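To start, the structure itself, in structure tokens.
The values are calculated or read from the model by the stated rules, or taken from the named source; none is laboratory data. Quantities reported herein were computed from a predicted structural model and do not represent experimental measurements. Cβ sites come from the backbone with ideal geometry, for glycine too, and all protein chains shown count toward neighbours. Quick note on the areas: whole protein, heavy atoms, side chains included, nothing else; ligands and nucleic acids left out. Shrake-Rupley method; radii C 1.70, N 1.55, O 1.52, S 1.80 Å.
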Amino acid sequence: MTTPAEPDFDTLTMRLALDEAKKSQPSPNPPVGAVVVSAKGKVVAAAHHARAGEEHAEGLALAMAGSAAKGGTLFVTLEPCNHEGRTPPCVDQILKAGIARVVIGCVDPNPNVQGGGAARLTESGIPVEIGVAGAEARALIAPWTKFITTGIPHVSLKLALSLDGRIATRSGASKWVTGPEARAKVQELRSQHDAVAVGIGTALVDDPRLTVRDSALIAEGKSPVRIVFDTRLRIPLHSRLVQTPLITERSGAAGTRRETRIAAHAHCRRARAAGGRDCTGAGTSPSGSRSKARRRSGGEKGIGRRGDAKNSRAGRCSTQSARSITAGEIADKIRHVGVERAENKSYVGRISAEKSGDSRLAS
């Protein structure tokens with residue numbers, strides 16, 4: 001007897017798997033969650049893929065379910081893999097466990113493996129249903145999809161604006177446009193990205209650290225790589241970006257390992273002495289598109305899933321709008337964001353809004 005295929009039950013169970021997937025950010029791999037339902041219709045296991053190189057969600061959930069998986073249904077947010085990598089193929093484990101039905105949120109967008117896992121399960125006589133809570137499953141892996149199909153990181157554009165659309169006062173002061181609750185949200189947003197990038201203008205004026213400073217977020221082992229687009233290598237060696245350590249904590253089979261990474265002073269000095277052009281290795285592409293060259297450079301350097309930047313064609317845009325209004329007229333510091341020709345415009349797919357103290361976050 002297999003688990004009954006009830007649309008409402010399937011959707012609700014897939015959302016349990018999606019909730020599991022959101023518990024971790026295994027970049028450069030996509031987040032994946034899995035739930036095993038026994039032949040009697042009872043949820044017996046739920047798991048997620050914690051980090052690259054470790055067991056996939058399907059394998060973990062099946063191991064937790066044990067013999068209860070036989071004749072049951074596996075719900076997984078992303079199509080199970082059918083190739084050998086750092087872990088064995090998930091399809092092999094599904095077949096070995098005796099699963100009678102598989103429900104998949106969305107297919108794997110990786111052009112090298114697309115459809116392989118589902119096809120093999122079907123060929124093995126296991127009914128497969130694809131697309132349950134599909135929009136939610138695809139949204140979850142949007143950064144991975146962008147990277148694996150284009151080689152370009154998924155970029156989020158974060159802006160903190162006053163109610164009249166300004167990012168600073170007439171004198172250039174910008175601390176603080178938003179309230180403490182909104183700034184705490186920025187810490188959370190930053191922790192969800194592989195890298196955070198600013199231009200040299202922001203680095204010189206604001207002297208930011210660009211680190212995750214929330215202790216709970218640090219404990220989860222997530223601090224982004226810090227990038228400054230500085231074609232003339234003007235960043236001061238005494239700046240907080242250079243002087244501030246980047247601290248992360250990572251937990252694994254060997255226990256918790258605390259890492260402290262300090263910006264490379266010597267590297268900057270050597271680069272300057274050699275007439276270095278920029279720290280990121282991202283210059284101008286043959287077509288003259290410097291922005292695209294920078295984004296491709298990020299992909300090549302392993303910043304695969306997500307980047308958080310101030311000026312780029314964004315895959316996601318987060319805007320914090322404060323209730324305050326800046327004093328006086330100032331130069332529009334975001335006038336360069338956008339395109340020159342209407343036919344080159346980009347569209348924002350989904351917009352949501354939430355309140356953070358005295359500010360509102362639209363994303």
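The table for this structure:
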quantity	calculated
Long-range HN-HN contacts of Val155 with modeled amide H, under 5 Å	Gly307, Gly315, Arg316
Options Thr77, Ser38, Leu95, ranked by Cα towards positive dipole end of the stretch 12-114, top entry (Cβ charges)	Ser38
Candidates per trypsin sites (Lys or Arg not before Pro) in the stretch 142-212, loop by DSSP, up to 10 other Cβ within 10 Å	Lys175
Cα-based convex hull, the stretch 82-207, per residue volume (Å³, whole number)	172 Å³
Heavy-atom accessible area order for Asp92, Asp10, largest first, 1.4 Å probe	Asp92, Asp10
Heavy-atom accessible surface of the stretch 32-116: percent carbon and sulfur, 1.4 Å	53 percent
Accessible surface of Ser124 - all protein chains present, 1.4 Å probe, nearest 10 Å²	60 Å²
